[in-house]
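The values are calculated or read from the model by the stated rules, or taken from the named source; none is laboratory data. Since we're looking at a predicted model, the values are computed, not measured. Positions of Cβ are generated from backbone atoms using ideal geometry, with glycine treated the same way; all protein chains shown enter the neighbour counts.
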Amino acid sequence: MLTGDNAGHRRPILSDTGGTVTAMWAFPFEVSAGDTYTIYPGCDKKFSTCQNVYNNATNFRGFLGVPKVQETIM
């Protein structure tokens, strides 16, 4: 948040429908009409996003060789 009682507070975004932004948890004060904010793209923890969107593959800290649960053979 840039202005208002919540200026300086940050929250992860849970959803954005184009008209309504829902924060993962509440701000300490009510967000009022006219308050301004900036939304930044976040990290989905995927190597492809790190490489293709942020051009930052060298700093990726995930584990490429670990299969997802649905990819394991039971």
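Side notes on the structure shown:
- A single entry from Phe29, Phe47, Phe60 fulfils the requirement of being out of contact with any strand residue (DSSP E or B) (no Cβ under 7 Å at 6 or more places or on another chain) and under 18 Å from Met1 (Cβ atoms): Phe29.
- Residue among Gly42, Gly65, Gly18, Gly34 that is modelled with pLDDT of 90 or more and surrounded by fewer than 10 Cβ atoms within 10 Å (Cβ to Cβ): Gly34
- Residue within the range 12-26 that is without any contact (Cβ under 8 Å) to a residue 12 or more places away in the chain and on the phi > 0 side of the Ramachandran plot present: yes
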